[in-house]
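Each remark here refers to the structure printed beneath this line.
The values are calculated or read from the model by the stated rules, or taken from the named source; none is laboratory data. No experiment lies behind these values; they were computed from the predicted model shown. Using ideal geometry, Cβ is built from the backbone for each residue, glycine included, and neighbour counts are taken over all protein chains shown. The accessibility values were calculated without ligands, DNA or RNA, using every heavy atom of the protein model including side chains. Shrake-Rupley method; radii C 1.70, N 1.55, O 1.52, S 1.80 Å.
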Amino acid sequence: MPLKSETVEAASRTLLLLEELNRHRVTSIDRLHKATGLPKSTVVRLMKSLCAMGYAANDRRQGGYAVASRVKSLSNGFHGDPLVVEAARPWALAFTRQYHWPIAIAVLDRSSVVIRFSTIPDSPVSPFHATLNTHLSLLGRALWRAYLAFCPVSERSMLLDMLSRSSEEEDRLARERKRALSLLSAIRKQGFAERDPLVEPRSSGTIAVPIRADGRVLATVGMTYFVSAIDRDDILQRYVPLVQALADNIAASVASLQE
């Protein structure tokens, strides 16, 4: 039992040190000691091991230690959600707790968007039972419209070309490029997208906005509601600004996580 405990503690210390090292371009033994609370002798010993294994390097010209390229190999087996989904999760849950309506986060997947997180299980008034991992490839969907409307021009053109080859009846609009571009321009002008009212189920609606960073769309976020429960004015004056603020908060969290 003591041996197992010592092994866990050694691994914990090593990972703690590597995480702290990864927060800085270059840092010193003294700063690592103060940040982690580990004894200096332990920091020195573990840093020697990390350097020998290729996970860190002692750059004397810059006066300290830095992560080395082998650190990238630690994420090779990770195939989880994009960072934006991780950043969105607490914000989306907080939104649904406060306003009850379900929130969905969708990311691009080739010629469609796919819902990678949803608060439907946490919503007492969701129009749907489940949407997680649903692909929304039809141009009538709010989450997909929001992506197409706000993504860079070159990306939009490529995606519309792909959609124009679709056999889906709802994607016929993509084959009418002038009409499609006019619709997407109107969406950009109003600042949000809506599900086509002719798309089933007609008892509900969705508003969606992009989550953006550095001129590109990271994902789209949408709120779904019963059309009989909310007036149009309430959607425009109350919920659109709330969903836009939600997108801004998620984008800020992405930037924070990247730093």
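Counting only protein chains, not ligands or nucleic acids, how are 200, 9, 194 ordered by accessible area (probe 1.4 Å), most first?
200, 9, 194
Accessible surface of residue 30 in the full protein assembly, 1.4 angstrom probe, to the nearest 10 Å²?
Here the accessible area works out near 60 Å².
Distance in nm between label sites at residue 190 and residue 71, each 7 Å beyond Cα in the beta-carbon direction?
About 4.6 nm separates the two model spin labels.
Between 0 and 90 degrees, rounded to the nearest ten: what's the tilt of helix 2-21 against the longest Cα principal axis of the chain?
The answer is roughly 70 degrees.
If you look for lysine pairs in the chain that are eight or more places apart or on different chains, how many of them have Cα atoms under 20 Å apart?
Final tally of qualifying lysine pairs is 4.
Angle check, please: helix 240-258 long axis (alpha carbons) against the longest principal axis of the chain (alpha carbons), in degrees 0 to 90, nearest 10.
Helix 240-258 sits at roughly 20 degrees to that axis.
Taking the 0 to 90 degree range and rounding to the nearest ten, how far is the long axis of helix 83-99 tilted relative to the main principal axis of the chain, both from C-alpha atoms?
The helix 83-99 is inclined about 60 degrees to the chain.
Relative contact order of segment 149-250: what whole-number percent is it, with Cα pairs under 8 angstrom and at least 6 residues apart?
Value for segment 149-250: 21 percent.
Give, in nm to one decimal, the length gained when the segment between residue 202 and residue 42 is fully stretched (0.36 nm per residue of separation minus the Cα-Cα distance). If you can, show how the numbers build up before the last one.
Details: separation 160, 0.36 × 160 = 57.60 nm, distance 6.36 nm.
Residue separation times 0.36 nm, minus the Cα-Cα distance, leaves 51.2 nm.
Whenever you get a sec, compute what percent of the accessible area on the chain sits on carbon and sulfur atoms (1.4 Å probe).
Ligands and nucleic acids excluded, carbon and sulfur reach 52 percent.
Extension gain residue 100-residue 256, at 0.36 nm per residue separation less the Cα-Cα distance, in nm?
Here the segment from residue 100 to residue 256 would lengthen by 53.5 nm.
Which whole-number percentage describes the relative contact order of the chain, with Cα contacts under 8 Å and a sequence gap of 6 or more?
RCO, the chain: 15 percent.
Would you work out the Kirkwood radius for segment 172-233? I mean one over the mean of 1/r across all pairs of different Cα atoms, in Å.
Computed over segment 172-233, the radius equals 13.3 Å.
Give the shape of segment 117-259 as rounded, prolate or oblate, defined through the alpha-carbon gyration tensor: a ≥ b ≥ c are the square roots of its eigenvalues, a/c under 1.5 means rounded, and otherwise the shape is prolate if a/b is larger than b/c and oblate if not.
Details: a/c = 1.55, a/b = 1.12, b/c = 1.39.
It comes out oblate by the Cα gyration axes.
Testing the spin-label approximation: label points 7 Å from Cα along Cα→Cβ at residue 8 and residue 231. State their distance in nm.
Those two pseudo-labels are separated by 5.9 nm.
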